[in-house]
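Reading through the structure tokens given below for one structure.
The values are calculated or read from the model by the stated rules, or taken from the named source; none is laboratory data. Since the model is a prediction, treat every value here as computed from it, not as a measurement. Note: accessible area is taken over every heavy atom of the protein model, side chains too, but ligands, DNA and RNA are not part of it. Shrake-Rupley method; radii C 1.70, N 1.55, O 1.52, S 1.80 Å.
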Amino acid sequence: SDRAKIEGPASLRTLGKAITPEDIETLAVQFISPSTGSSPVVRAQAIEETFGVKTVELVTVGSAGALLNQTQRDELEDYFNGNKVKGIDGVLVTNHEVTAVNYTPKPIDVTVTVTGTITAEAVKNALAALLNPESLFDDGVTYRWEFGGEIPTSLIIAAIHDTDPVNVKKVVLTV
């Protein structure tokens, strides 16, 4: 599958150890919580030196856009940094410290005029699906928008148009 083509090489590249920010992102998504047995992180971005030299801010997104709870963030930090008291060897090879934080959902004010026969509910549902942090393109692997980046207005217009291409005649977006 497309996902195996990306995740397979990434897991071989990291071999369970993190050296680069990309390794940290890959391993964060593969991380299994010892308390729940599930993987709490669906999307991650590692940003170097947010909290000073030799620090990495690990911005996380939980399933369905949820925020990770304190236990999940603590477990993630122990996984990367290690915890001698708990007998955990960290997977971070470099002498950096990873701090796990939740992403900050940003409200987006969208004013749109749609010409054609479509319900406001259908438009809201299409936008909610697009703006979900887990929103993927049809390949099932590529995210529809960059983490922390701007969402192109063309994607918003296309999402509304694609709800009913026959009946949606015109979409005018006022941002």
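According to the Kirkwood relation over distinct C-alpha pairs, the hydrodynamic radius of the chain is 18.2 Å. Pairs of lysines 8 or more apart, or on different chains, with alpha carbons under 30 Å: count those in the chain, would you? For the chain, the number of qualifying lysine pairs is 12.
Couplings 3J(HN,Hα) of region 28-36, computed from phi: 5, 6, 7, 4, 10, 5, x, 7, 10 Hz, in residue order, whole Hz [Karplus 6.51 cos²θ - 1.76 cosθ + 1.60, θ = phi - 60°; x for Gly and Pro].
When only alpha carbons are used to place a centre, region 74-102 and region 106-138 end up 38 Å from one another. Solvent exposure of the chain, expressed per residue, is 59 Å² of accessible area, with all protein chains present and a 1.4 angstrom probe. The slack between THR104 and LYS17, meaning 0.36 nm per residue of separation minus the straight C-alpha distance, is 28.6 nm.
Karplus-derived 3J(HN,Hα) values for region 52-63, using 6.51 cos²θ - 1.76 cosθ + 1.60 with θ = phi - 60°, are x, 5, 6, 10, 9, 8, 9, 8, 10, 10, x, 4 Hz; glycine and proline are entered as x.
Ignoring ligands, DNA and RNA, what percent of the 1.4 Å accessible area of the chain is carbon and sulfur? Please report the intermediate quantities before stating the final value.
Values: 5720 of 10360 Å².
Roughly 55 percent, rounded to a whole number.
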